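Trainee: Attaching a single structure in structure tokens format; questions to follow.
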Amino acid sequence: MQTVIMAGGFGTRLRPLTVNTPKPMAPIGNRPMLAHIVELLKSHDLCDLTMMLYYQPEVITSYFGDGSKMGVKIRYLKPESDLGTAGSVRFAEKQLKDTFLVISGDVLTDFNLKEAIKFHNSKKAVATMVLARVTNPLQYGVVITSGDGKIERFLEKPSWGEVFSDTINTGIYILEPSVLEHVPHDKSFDFSKDLFPQLLKDKKPLYGYVAQGYWKDIGNHDEYRMAHYDILDGITKIAVDGKKTKVGDKDIIAGEGTKIDPSVQVDGQVIIGKNCVVEKGVKISRSVIGSNVKIGPRCEIIGSILWDDVALGSEVRLKEDVICRKTRIGDKAVVQVGTIISDECDIGAGAIIRTNLRIWPHKTVEEGAVLSTSLVWGEKWNRALFGAYAITGLGNIEITPEFAAKIGSAYGAHIGKGAYVITSRDAHKASRMVKRTMISGLLSAGVRVGDLRTAPIPVVRYELGKEGEAGGIHVRQSPFDARLIDIKFFDKDGSDISIQQEKAIEQLFHREDFKRAGLDEVGELTVPPRAQEYYKGGYLKAIDRKSIGSANFKVVLDYAFSSASMVFPAILGELGLEVVTLNAFINPNKITKTESEFKHSLNQLSDIVTTLRGDVGFLIDTGAEKVFLVDERGRIVPDELAMIIIADLVMRTFKGGTVAVPVHISSVIDKLAERYDVKVKRTAASARQLTATAREKGVVFLSDCQGGYIFPEFQPAFDAMYAIGKILEMMAKLGVHLNKISREIPPFEVLHKKLPCPWDKKGQIMRNAIGEAKNKKVELIDGVKIFFGDSWVLLLPDPDEAYFHVWAEAEDGKTARDLIREYTEKVRKWQE
């Protein structure tokens, strides 16, 4: 049986390990990853191999030759361009006459491939995906299969709300040659994104085989180290070179010609390659040492990986580091936790290399130098730079000037030299600091920057595209936690950047080899003069000023010390309103509100609306994206009811179109939609999904049910200022007030539980939830929503915290309480 090995990967996220080495050739246990794959294939009698090469192909061909040294036959193919995974295999179709296997050359696994092939043949499948169960499925393609293994659904790199299982695609496939007929010639085409969805749509026999055993995608530096620890701990059956050698009372694996002084102390399993010298007083714990390595007296090596030809002087200390080929580290140097030092570096005696640093090839650190960076991203940051809302981190600890300059450079490299970007911030001095250093990074990449200084987010979004901008950045103190800084990125049309753009920026950030502009090409900094004029003009053109002015509303408006107070008063002055304003000035110390402060602000607003007999009260958040309501009786309107009231106003006013809401919203909105002949579309609750939906044809209103409202007629983004104007316009046209509308809405109650849930159990719970939903009416838009007649329950993992959400609604309170109790217990049980 023939096998195609995908060995063309760049290994971007492993840089600088992969600067001089293609990712499949990075050593794992002193052998290239790809060599472990070839050994695995040979052990299952798969000896006819075709390797697909792309990046640094000569490194691979010179190591393996024709394969005869390893007892296999290897041929090599190199497409001229990146054809994607399926496109590359189509390129090799002349070699593939019968059933064949496809496997990635940059994973570590000991799967029983014969069993997978046997399963494929027994099912008469055209394609079988080899699957595995993992604790965190976010970075992989999630797969759902029926009881007999037939694939029912899969999703490439989902969000937590789309993680319907912890069963993932391992990138190992058993295929019939006929599937290649679905793959176009000389065009980028992927298995998971393109081919398999097509086979599923065409109802071809596509199966998934859940393999037992070890599998790890070596996707980042932490995974690279963890793979070595798994080998040392015996978790995977991977062959390593060398033989058992006694060091003190411990057994280690050591290669031929290695000399170890009798005084050396070993703790835990250790692997040492050939022809090494380990001198007196050395302490080694849970580490892998390559060949031809010299370790000087009294060194201490803990949890580290040393590649071939490394030389350590005396009393060097390493902890959980990776040291690449031919690097020399001088006497008494210290390399702190998590640092990567690439090939042929020279670290001087007494130097201190700080935590989590990346040192690229051929660099020299002078004697006694302290090489330092304040990039102190922890484990979280190694998983993903971007969170659900933005880049978020502890101000001046994680998000520092050094970090901001680097992310600015990465973003500048992404959009390209000569591009134009606008920047903005809230009023906090830390936001100013971070934004200014980001601007430095952008300028260094040759990007022109227009700085709006302090500006509300809706104004920034609206400005984008007016002057040929390629994108925008907004820096703010988190509205939820005063310790945190958020960095938000916008596309050229004002929407949040896509996940693909986030990943591209993240790759550049981790690679650290982004291009800098020449001295004559450094970008210039300007101040856009017309942003507020554009916003005001567009606003007044979109709103019905005449209707609002004729209603003679008395409005109480709390600006909450936000930058909206710089923009909105001039607009309200054109609407003919009587406005009583609160906190209508910027206060950098009032940007973040605690829950009690927020409640106090709402209660104060309520009291003033009641005292002054106002028609409505509004509280704007500090970013001017969200608004909270008080009705004419001084009642604070809860978020979900506020959303349904505004949706009711929209349905009466627009008379048609589509209203989009998150999946956990009460079914009462569907009843209202039937009354007014309006469509309701359920979406994921993420801001990105809502803003994407806002661009769809016919959508007239959206809400996140947390104070965020979108009216696409003005801009497809959350905008508290426009929402206030639109609410007043609709109230004026219909001659109604909020309290009156609320009394006409059928009663409803959606129950909600937020349960503690470890990150590594979320996929397991979702897999069980999908099993629970079998043969029931189910909706898989965001989480798993199961229907029981007019009742429903929604199971949804939290995207940012170690929690799991359960929502339930029913015609009567008892049924809803029973549902929430039943599924709360199931979620707890599914964690076990």
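Trainee: Output the strands (runs of 3 or more DSSP E) that fall wholly within region 776-825 and possess 3 or more residues being touching a Gly at 6+ places or on another chain (Cβ under 8 Å), or say none.
Mentor: The strands (runs of 3 or more DSSP E) meeting that bar are 791-797.
Trainee: Scanning for something surrounded by 21 or more Cβ atoms within 10 Å (Cβ to Cβ) and touching a Cys at 6+ places or on another chain (Cβ under 9 Å), does region 664-672 turn up at least one residue?
Mentor: Yes: one or more hits.
Trainee: Related question: Only one of (1) more than 21 Å from the chain's Cα centre (by Cα); (2) closer than 15 Å to Val421 by Cβ; (3) of a type in the set (Val, Ile, Thr) is not met by Ile543, so which one is it?
Mentor: (2)
Trainee: With within 23 Å of the chain's Cα centre (by Cα), surrounded by fewer than 23 Cβ atoms within 10 Å (Cβ to Cβ) and basic (Lys, Arg) as the only criterion, which of Arg652, Arg635, Arg688 stands out?
Mentor: Of the residues listed, the single one that is within 23 Å of the chain's Cα centre (by Cα), surrounded by fewer than 23 Cβ atoms within 10 Å (Cβ to Cβ) and basic (Lys, Arg) is Arg688.
Trainee: Residues in region 791-832 that are within 19 Å of Trp759 (Cβ to Cβ), modelled with pLDDT of 90 or more and among the acidic types (Asp, Glu): how many?
Mentor: Within region 791-832, residues that are within 19 Å of Trp759 (Cβ to Cβ), modelled with pLDDT of 90 or more and among the acidic types (Asp, Glu) number 0.
Trainee: Do any strands (runs of 3 or more DSSP E) entirely within region 130-228 hold 3 or more residues that are in contact (Cβ under 8 Å) with a residue 40 or more places away in the chain and among the polar types (S, T, N, Q), and if so, which?
Mentor: So the answer is 167-175.
Trainee: Which one is surrounded by the most Cβ atoms within 10 Å (Cβ to Cβ) among residues in region 324-353 that are within 23 Å of Asp222 (Cβ to Cβ) and charged (D, E, K, R)?
Mentor: The extreme case among them is Asp343.
Trainee: Within the set of pairs 6+ apart or on separate chains, which have a first residue in region 650-661 that is polar (S, T, N, Q), a second that is assigned to a strand (DSSP E or B), and C-beta atoms under 7 Å apart?
Mentor: Hits for this filter: Thr658/Lys679; Thr658/Lys681; Thr658/Val699; Thr658/Val700.
Trainee: Has region 613-621 got at least one residue that is within 31 Å of the chain's Cα centre (by Cα) and part of a strand (DSSP E or B)?
Mentor: Yes, region 613-621 contains at least one residue that is within 31 Å of the chain's Cα centre (by Cα) and part of a strand (DSSP E or B).
Trainee: Next question, about the same structure. I'd like to know if region 140-150 contains one or more residues that are surrounded by fewer than 24 Cβ atoms within 10 Å (Cβ to Cβ) and within 30 Å of Glu506 (Cα to Cα).
Mentor: Yes, there is a match, as at least one residue in region 140-150 is surrounded by fewer than 24 Cβ atoms within 10 Å (Cβ to Cβ) and within 30 Å of Glu506 (Cα to Cα).
Trainee: Looking at region 801-811, which of its residues are open to solvent by 70 Å² or more (accessible area, probe 1.4 Å) and of a type in the set (Asp, Glu)?
Mentor: Once the filter is applied, which keeps residues that are open to solvent by 70 Å² or more (accessible area, probe 1.4 Å) and of a type in the set (Asp, Glu), region 801-811 yields Glu801, Glu811.
Trainee: Right, something else. Suppose we filter Val778, Val806 for residues that are among the β-branched types (Val, Ile, Thr) and in contact (Cβ under 8 Å) with a residue 24 or more places away in the chain; which single one remains?
Mentor: Val806
Trainee: Is it the case that Lys814 is under 21 Å from Ala684 (Cα atoms), without any contact (Cβ under 8 Å) to a residue 12 or more places away in the chain and either under 23 Å from the mean Cα position of the chain (by Cα) or open to solvent by 60 Å² or more (accessible area, probe 1.4 Å) (or both)?
Mentor: Taking the combined requirement at face value, the residue does not satisfy it.
Trainee: Suppose we keep only residues that are among the acidic types (Asp, Glu) and farther than 25 Å from Leu452 by Cβ within region 551-599. Which one would you say is most open to solvent (accessible area, probe 1.4 Å)?
Mentor: Among them, the one singled out is Glu595.
Trainee: On to the next question. Do any strands (runs of 3 or more DSSP E) lying entirely in region 1-116 carry at least 1 residues that are more than 30 Å from His185 (Cα to Cα) and either touching a residue at least 40 places away in the same chain (Cβ under 8 Å) or open to solvent by less than 30 Å² (accessible area, probe 1.4 Å) (or both), and which ones are they?
Mentor: Per the criteria, 107-109.
Trainee: Would you check which residues across region 740-771 are open to solvent by 20 Å² or more (accessible area, probe 1.4 Å), assigned to a strand (DSSP E or B) and closer than 30 Å to Leu131 by Cβ and list them?
Mentor: Listed by number, the list holds a single entry, Pro756.
Trainee: Another question about this same structure. Under 6 Å by Cβ, and 6 or more places apart or on different chains, what pairs join a residue from region 294-322 that is open to solvent by 10 Å² or more (accessible area, probe 1.4 Å) with one that is among the polar types (S, T, N, Q) and outside any loop (DSSP other than H, G, I, E, B)?
Mentor: Correct list of pairs: Ile302/Ser285.
Trainee: Using beta carbons and a limit of 7 Å, which pairs, at least six apart or on different chains, have the first residue in region 711-739 and over 28 Å from Ser686 (Cα atoms) and the second one crowded, with 23+ Cβ neighbours inside 10 Å?
Mentor: What qualifies is Ala732/Ile548; His737/Asp631; His737/Met731; Asn739/Asp631.
Trainee: Which residue pairs have Cβ atoms under 8 Å apart, sit 6 or more places apart or on different chains, and have a first residue in region 338-362 that is touching a residue at least 40 places away in the same chain (Cβ under 8 Å) and a second that is open to solvent by 10 Å² or more (accessible area, probe 1.4 Å) and aromatic (Phe, Trp, Tyr)?
Mentor: Ser342/Trp360
Trainee: Turning to a different aspect of this structure: Counting only residues that are in contact with a helix residue (DSSP H, G or I) (Cβ under 6 Å, 6 or more places away or on another chain) and modelled with pLDDT under 90, how many does region 84-126 have?
Mentor: Matching residues across region 84-126 total 7.
Trainee: Next up: Identify, please: which residue in region 339-367 is in contact with a Cys (Cβ under 6 Å, 6 or more places away or on another chain) and of a type outside the set (S, T, N, Q) and is, among those, nearest to Thr21 (Cα to Cα)?
Mentor: Step by step, filter region 339-367, then rank; the result is Asp343.
Trainee: Still on this structure: Considering only residues of region 772-791 that are surrounded by 13 or more Cβ atoms within 10 Å (Cβ to Cβ) and over 26 Å from the mean Cα position of the chain (by Cα), which is farthest from Thr167 (Cα to Cα)?
Mentor: Only one residue fits best here, namely Ser791.
Trainee: On the given criteria, is Val699 open to solvent by 10 Å² or more (accessible area, probe 1.4 Å), touching a residue at least 24 places away in the same chain (Cβ under 8 Å), in contact with a Pro (Cβ under 7 Å, 6 or more places away or on another chain) and β-branched (Val, Ile, Thr)?
Mentor: Answer is yes for this residue.
Trainee: Can I ask one more? Scan region 553-570 residue by residue and report those that are touching a Leu at 6+ places or on another chain (Cβ under 9 Å) and either over 14 Å from Leu734 (Cα atoms) or outside any loop (DSSP other than H, G, I, E, B) (or both).
Mentor: The answer is Lys554, Val555, Val556, Leu557, Asp558, Tyr559, Ala560, Phe568.
The values are calculated or read from the model by the stated rules, or taken from the named source; none is laboratory data. Not measured: the values here are computed from a predicted model. Neighbour counts run over all protein chains shown; Cβ positions are idealised from the backbone, glycine included. Note: areas computed on protein heavy atoms with side chains; ligands, DNA, RNA excluded. Shrake-Rupley method; radii C 1.70, N 1.55, O 1.52, S 1.80 Å.
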